[in-house]
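The values are calculated or read from the model by the stated rules, or taken from the named source; none is laboratory data. On a predicted model such as this, the values are computed, not experimentally measured, just so you know. Note: ideal-geometry Cβ built from the backbone for every residue, glycine included; neighbour counts use all protein chains shown. Side chains included, ligands, DNA and RNA excluded: accessible areas come from the protein's heavy atoms. Shrake-Rupley method; radii C 1.70, N 1.55, O 1.52, S 1.80 Å.
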Amino acid sequence: MSATKYVYLFGNGKAEGNAEMKDLLGGKGANLAEMDLIGIPVPPGFTITTEACIAYTKYGTAKIKELLEDDVKAAMKHIEDIMQMQFGSNENPLLVSVRSGARASMPGMMDTILNLGLNDNSVQGLIKKTQNERFAWDSYRRFVQMYGDVVMGLKPENKEDLDPFEVIMDSLKKERGITSDLELTASDLKELVYLFKRAIKERTGKDFPDDPWEQLWGAIFAVFDSWNNPRAIFYRKLHNIPDDWGTAVNVQAMVFGNMGNNSATGVAFTRDAATGEHLFNGEYLINAQGEDVVAGIRTPLQITKIGSQRWAALAGISEEERVAKYPSLEEAMPEVYKQLFEIQKKLEEHAKDMQDLEFTIQEGRLWLLQTRTGKRTGFAMVKIAMDMVREGLIDEKTALLRMEPNKLDELLHPVFSQEGLAKAKEIAKGLPASPGAATGQIVFFAEDAEAWAAQGKKVILCRLETSPEDLRGMAVAQGILTARGGMTSHAAVVARGMGKCCVTGAGSIVIDYKNRTMTTRGKTYHEGDWISLNGSTGQVFEGKIETVAPELSGDFAELMQLADKYTRMYVRTNADTPQDATVARKFGARGIGLCRTEHMFFTGVRINAMREMILADNEEGRRKALDKLLPMQRSDFEGIFTAMDGFPVTIRLLDPPLHEFLPQEENQQKEIANALGITLEKVKERVNALHELNPMLGHRGCRVGNTYPEITEMQTRAIIEAALNVKAKGIKVIPEIMVPLVGIETEFKMQEDIIRNTAEKIFEEKGDRVEFLVGTMIEVPRATLVADKIAERAEFFSFGTNDLTQMTFGYSRDDVGVFLPIYLEKNILKNDPFQILDQEGVGQLVQIGTERGRKTRPNLKVGICGEHGGEPSSVEFCHRVGMDYVSCSPYRVPIARVAAAMAAIRK
Ligand code: PEP
Ligand code: MG
């Protein structure tokens, strides 16, 4: 016995745990306990805590067995007493399931064993008790198969190989001249048990354990071990789940969905996980065990009549055929269905969120095996939250806190255009498992998906069915297509979690992995061919289809209103063109937080004028070239001011090092030399003189503006003249001129003087004025430390956390990719600091800079315009340090708005 309580019982209506104990009992264990407490029928069992898993990782098998042994024995007795059965008995044997269950749900990533406790003795007991020899041997066969795979490690040797147990089973079926598993007789199944055990012995050198207790410990340790299998580790990385949480283990009395035609098993959602529609739905299989549903091997039936009718319509099946061959649970077992319907309602009302359930019907009796918060698409996330507010189930703040802001991305992305669809050729139809529009090249293996995506290709991962091993490939694919499986197959669940377009169970598709082809409706497609998927209708099309912007009304618009109601910070956008500014305004941006003027210099004839300026020998030559740039910049600014009518626009003066504007190739250098009437040598000399090595911290930012003040003059003139021009047209313009890369207050002052003097000159010339601000980027570490001095003159601060991260870590932004993946893998860094703000280090500088700046100027306007301005956890940080706004790329504006509101509510 140990002082720490590692084992928690449930199943007699008096569970020791409850829903609040997810950290300790895992999601599954905590929810089983909760269901038990509120009177929902769950098979009795016990949960071994996540702490035990952590102890196991530290101390190993022997020690942990010693710690747990007495409690596990007592807990098995608890199950035996309730079920009135005995573990290992040859009269009335108790069988158990052993399943993982972490704090955060990780569907399919870890291991499960069913029917544990069977051996040559107890199978006789099962036969006696059930009077069903076939069932007993089938259960035994399934157990040996699962245990052989999970605990003893008999797996396919190559990716193209089939599961070794399936190979044995297929060859027996061939011998018997049958095709379906259901045609295997009791003696066939008995033979399979023998053949499976023999294969395990041959391939692993180990005997299959007959002692039920040995089986139990093997399974418990295997589940602990599965916390650290590669797919679980990868899943945790993808979803930011800490490695040190560990998994709990749930041991539970088996109930059987495969005891004949009045038994069944299924999964259900209290609302539609793809669209969010308030409609109970799910799938079930008669005479089957749970893994048959999720594995996607047999295509399951719908639980509700309406779901079944919709499914039949998609599949082109008549109502008569549907009722005869594919009845819903509602029709096939109306009494059990009624009970299930009431239970799902109760569970959703209790949890106040959409639930994902697993159930089993054993000889007409309903058991719930699991409930958890259901994974959902971005669409469903928004709709369900807003519906629940309207239904009075949750309040507005809760609705906002339910958001995973990054998932809003899905709602902002293009859908297929009507014209594109009208021309498209449908080649298959499956189930609309996860919405969205995806176009890409066919690949058949997850590894290939990764390799192709790394080359910048767009791929659609096409599989018979997916397994957790395919996760990496799914993560990089545009969409996922499977030939088998239902709406709750692994592919569907995982794709929805990722917000990926997915079509499952496209039955007309025949995949040939060896030849890398896919045949449907008489035509064969090869690896690399283009196809398109509509995850909202289940359609598969040949070739590419053009996409258009989505509608942003309804629930999405209402959610955004809620965000604005509760937020304190507002959101601006980083935009350099009127088009981007317009998109961002539609997404709710209230101003531009960063307009990078250099982007305007790269296009068309401008680059020539820019190069002429750089290559000039003296100020006079530079001014001549700048005169050519002035009208172009001015008209750019007019466009942006017009698009942002009424909102502030922060325009940053030229920032990058000048060499970025010069060509590196000789023939282009020749062209410039000819155009400017200078020698090639002269061009080369300049290129060499300006060349900077990464991280390019030389002649850039305000250093250029202070060494060549005429550039700042020209840019100021373009800004102010543009402002006056649009003002004359009745547009409300609020320019903010921003100086980049300031580290010394004098650097700022010098730039400010140029800006203000130039502006005054223009006001005099034009006989009109406009209000404007002059502020600075804070992106050099020194600037954060002397922020009080800089704020004496600067009217606003905008944190450039891209450069601030680069300089604080001493990593070059441009070649961090060389070692960053290794740093992440080795856990030296938890996240890429260029994506997620390093609050511990860089964050301190942001805080210091804000505090010191506001000490001098209490109402100093402070914002952020680095990439972090659109990343939810960084936005929350910006709220905490008291920023006024965040600025991010147009498509991230809604994400930042919601993240900002969530931060305000949490505080
Ligand atoms: C920054 O450094 O964070 C920034 C916004 O500027 P840029 O990325 O253009 O250097
Ligand atoms: Mg910068």
Spans of helices (runs of 4 or more DSSP H) in segment 794-900 with at least 3 residues in contact (Cβ under 8 Å) with a residue 12 or more places away in the chain, within 16 Å of ligand 2 (Cβ to nearest atom) and open to solvent by 40 Å² or more (accessible area, probe 1.4 Å): 801-809
Criterion (small (Gly, Ala, Ser) and at pLDDT below 95) met by exactly one of Gly374, Gly392: Gly374
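Could you tell me whether any residue of segment 739-755 is within 13 Å of ligand 2 (Cβ to nearest atom) and either outside any loop (DSSP other than H, G, I, E, B) or modelled with pLDDT under 95 (or both)?
Scanning segment 739-755 turns up at least one residue that is within 13 Å of ligand 2 (Cβ to nearest atom) and either outside any loop (DSSP other than H, G, I, E, B) or modelled with pLDDT under 95 (or both).
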Filter result for Asp81 (of a type in the set (Asp, Glu) and more than 29 Å from the chain's Cα centre (by Cα)): yes
From Lys206, Lys174, residue being open to solvent by 30 Å² or more (accessible area, probe 1.4 Å) and more than 29 Å from Tyr513 (Cα to Cα): Lys206
Spans of helices (runs of 4 or more DSSP H) in segment 429-516 with at least 1 residues touching a strand residue (DSSP E or B) at 6+ places or on another chain (Cβ under 8 Å), of a type in the set (A, V, I, L, M) and at pLDDT 85 or above: 446-454, 471-476
Selection count, segment 706-734, where residues are buried (at least 24 other Cβ atoms within 10 Å of the Cβ) and not in a helix (DSSP H, G or I): 1
Subset of segment 808-833 [within 12 Å of ligand 1 (Cβ to nearest atom) and farther than 23 Å from Pro872 by Cα]: Asp814
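Have a look at Ile737, Ile754 and point out the one that is touching a residue at least 40 places away in the same chain (Cβ under 8 Å), among the hydrophobic types (A, V, I, L, M, F, W, C) and more than 16 Å from ligand 1 (Cβ to nearest atom).
Only one candidate passes the filter, namely Ile754.
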Matching entry among Ile640, Ile672, Ile678 (being more than 16 Å from ligand 2 (Cβ to nearest atom) and either touching a Ser or Thr at 6+ places or on another chain (Cβ under 7 Å) or closer than 26 Å to Ile778 by Cβ (or both)): Ile640
Only listed residue being in contact with an Asp or Glu (Cβ under 9 Å, 6 or more places away or on another chain) and over 24 Å from Ser100 (Cβ atoms), chosen from Asp161, Asp225, Asp210: Asp210
Those residues of segment 761-793 which are more than 16 Å from ligand 2 (Cβ to nearest atom) and either open to solvent by less than 60 Å² (accessible area, probe 1.4 Å) or of a type in the set (Gly, Ala, Ser) (or both), in sequence order: Ile762, Phe763, Gly767, Asp768, Val770, Phe772, Leu773, Val774, Val786, Ala787, Asp788, Ala791
Check on Asn228, polar (S, T, N, Q), in contact with a helix residue (DSSP H, G or I) (Cβ under 8 Å, 6 or more places away or on another chain) and buried (at least 23 other Cβ atoms within 10 Å of the Cβ): no
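Kindly indicate whether Ser100 is farther than 17 Å from Ile127 by Cα, in contact (Cβ under 8 Å) with a residue 12 or more places away in the chain and in a strand (DSSP E or B). Quick ask: steps written out before the conclusion?
On the way: farther than 17 Å from Ile127 by Cα: yes; in contact (Cβ under 8 Å) with a residue 12 or more places away in the chain: yes; in a strand (DSSP E or B): yes.
It is true that Ser100 is farther than 17 Å from Ile127 by Cα, in contact (Cβ under 8 Å) with a residue 12 or more places away in the chain and in a strand (DSSP E or B).
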Residue count for segment 696-734, restricted to those that are touching a His at 6+ places or on another chain (Cβ under 9 Å) and free of Cβ contacts under 8 Å to residues at least 24 places away in the same chain: 1
Tally, over segment 765-793, of residues that are within 13 Å of ligand 1 (Cβ to nearest atom) and part of a loop (DSSP other than H, G, I, E, B): 2
Checking Gly153 against (1) in a loop (DSSP other than H, G, I, E, B); (2) of a type in the set (Gly, Ala, Ser); (3) open to solvent by 60 Å² or more (accessible area, probe 1.4 Å), the condition it does not meet: (3)
Only one of Arg634, Arg703, Arg686 that is at pLDDT below 90, in a helix (DSSP H, G or I) and not aliphatic (A, V, I, L, M): Arg686
